[in-house]
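Scroll down for the structure; my scribbles are underneath it.
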Amino acid sequence: MARIDAFFKLMHEHEASDLHLVAGSQPILRIRGDLERVKYKVLDNDELKSMLYEITPEEKIKVFEETGDLDFSYEIPGLARYRVNFFQQKNGIGAVFREIPSKIMTVEQLGLPPVISKLAMLPRGLVLVTGPTGSGKSTTLAAIIDEANRKRKDHIITIEDPIEFVHKSQGCLVNHREVHTHTKSFSAALRGALREDPDIILVGEMRDLETIRLAIEASETGHLVFSTVHTTNAAKTVDRIIEVFPHEEQGQIRSSLADGLRAVVSQALFKRIDKPGRVAVLEILIATHAVRALIREGKTFQIPSAIQTGKKYGMQTLDDAIMDLLKAGIISGDEAYMKCVDKEKFKPYISAPPADFTEV
């Protein structure tokens, strides 16, 4: 057993999402969104480096010492997997570990709207799950892939950096590929995937123009493609994808995206006040004919209105989802105000002036 495993067991016992180990500081856990220090000595750089290198493959150590940054995954059988990031900082080495539960929760267990399950059964197209870092995108995507894995008889390929949730083949054949370990890059793996008879492709993150282009092409050629983008709502997601491309290509990409897109799920995590834990709040855009026309014509500013009028298709705005949880007594008025879009609508529910005075 590696020395560092004791911290992972502590992390698991406290239901922490992240563990921070940084030279010059005590260990720190993120529990339900807040950082809490562990009662332990301040970590010494040499001792911490030795502890971290104990679980790091030799070839990865070489990469880290050359670049000062490293991403990989680590697993403790029977406990959990961890997404790992090493970095160099002023006092020496630092590391952050995100726990990836070994058990994949279903859409129902996560309390997600029923339309999310339907996304797993789409025959083709592009489905994007968006939100800031730590908003639960990977968990939602894992639940969707799990739904497909249980109910379909298809070939699923996941391309991630690093591999997070591990799906055992059930109704589907599932192949996991890790960038920098099994393939050179997202775009190289995606290009290769098109020759590997896939039905469903999960691209961990659409980071660059080439990956985005290939993902859109795959969605247009009969594949169901899932991916993530770091944007906060559906309209911004569409704009971000189009703006990645040179100006002279944007018209064509707008048309291709309109044809391929099937849904955008934007989410944020809120602290619960009814019981310990956090809850995901989702904005859902379904790419109906009307929505595709807005994308094709460059009228993305009208997407929020299309979501408002598309409730019968399973669409919902972020503010409506927040209001439902607020009225049900699940989240606080202050956090609802902080993360909503229409501040005036939520002002009556706050107990004190907003923490972000720029939002007044």
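The values are calculated or read from the model by the stated rules, or taken from the named source; none is laboratory data. From a predicted model like this one, the values you see are computed outputs, not experimental measurements. Reconstructed Cβ throughout: ideal geometry from the backbone, glycine too, with neighbour counts over all protein chains shown.
Could you tell me whether the range 211-220 includes any residue that is touching a residue at least 24 places away in the same chain (Cβ under 8 Å), closer than 30 Å to ASP319 by Cβ and charged (D, E, K, R)?
No, the conditions are met nowhere in the range 211-220.
Just need a number here: residues in the range 324-351 that are farther than 23 Å from GLY131 by Cα, part of a helix (DSSP H, G or I) and in contact (Cβ under 8 Å) with a residue 24 or more places away in the chain.
So the count comes out to 0.
Take the residues in the range 77-110 that are β-branched (Val, Ile, Thr) and within 18 Å of HIS20 (Cβ to Cβ); name whichever of them is surrounded by the fewest Cβ atoms within 10 Å (Cβ to Cβ).
It comes out as VAL96.
Which numbered condition in (1) closer than 25 Å to SER17 by Cβ; (2) aliphatic (A, V, I, L, M); (3) in the same structural domain as ARG124 (by TED's automatic domain parsing) is the only one that ALA306 fails?
(1)
Any residue at all in the range 301-318 that's in contact with a Lys or Arg (Cβ under 9 Å, 6 or more places away or on another chain) and either within 30 Å of ALA218 (Cα to Cα) or basic (Lys, Arg) (or both)?
Yes: the range 301-318 contains one or more residues that are in contact with a Lys or Arg (Cβ under 9 Å, 6 or more places away or on another chain) and either within 30 Å of ALA218 (Cα to Cα) or basic (Lys, Arg) (or both).
Taking the options SER135, SER169, name whichever one is among the polar types (S, T, N, Q), assigned to a loop (DSSP other than H, G, I, E, B) and modelled with pLDDT under 95.
The unique qualifying residue is SER135.
Right, SER227: among the polar types (S, T, N, Q), under 18 Å from ARG124 (Cα atoms) and assigned by TED's automatic domain parsing to the domain that holds ILE303 or not?
yes
Scan ALA287, ALA306, ALA280 and give me the residue that is closer than 16 Å to VAL127 by Cα, surrounded by 19 or more Cβ atoms within 10 Å (Cβ to Cβ) and out of contact with any His (no Cβ under 8 Å at 6 or more places or on another chain).
Checking each option against the conditions leaves just ALA287.
Only one residue in VAL238, VAL174 is outside any loop (DSSP other than H, G, I, E, B), crowded, with 24+ Cβ neighbours inside 10 Å, of a type in the set (A, V, I, L, M, F, W, C) and in the same structural domain as GLU297 (by TED's automatic domain parsing), so which one is that?
VAL238
Check LEU224, LEU190 and return the single one that is of a type outside the set (Val, Ile, Thr) and either at pLDDT 95 or above or surrounded by fewer than 23 Cβ atoms within 10 Å (Cβ to Cβ) (or both).
LEU224
For the range 241-276, how many residues are under 18 Å from the mean Cα position of the chain (by Cα) and more than 15 Å from LEU128 (Cα to Cα)?
Matching residues across the range 241-276 total 3.
Does ILE295 satisfy the condition of being surrounded by 17 or more Cβ atoms within 10 Å (Cβ to Cβ) and either in the same structural domain as LEU128 (by TED's automatic domain parsing) or more than 27 Å from ILE159 (Cα to Cα) (or both)?
It is true that ILE295 is surrounded by 17 or more Cβ atoms within 10 Å (Cβ to Cβ) and either in the same structural domain as LEU128 (by TED's automatic domain parsing) or more than 27 Å from ILE159 (Cα to Cα) (or both).
Consider THR183 carefully, then state whether it is surrounded by 22 or more Cβ atoms within 10 Å (Cβ to Cβ), farther than 26 Å from ILE4 by Cβ and not charged (D, E, K, R).
Taking the combined requirement at face value, the residue does not satisfy it.
Answer with yes or no whether ASP208 is modelled with pLDDT of 95 or more, surrounded by fewer than 18 Cβ atoms within 10 Å (Cβ to Cβ) and not hydrophobic (A, V, I, L, M, F, W, C).
When the stated conditions are applied, ASP208 does not pass them.
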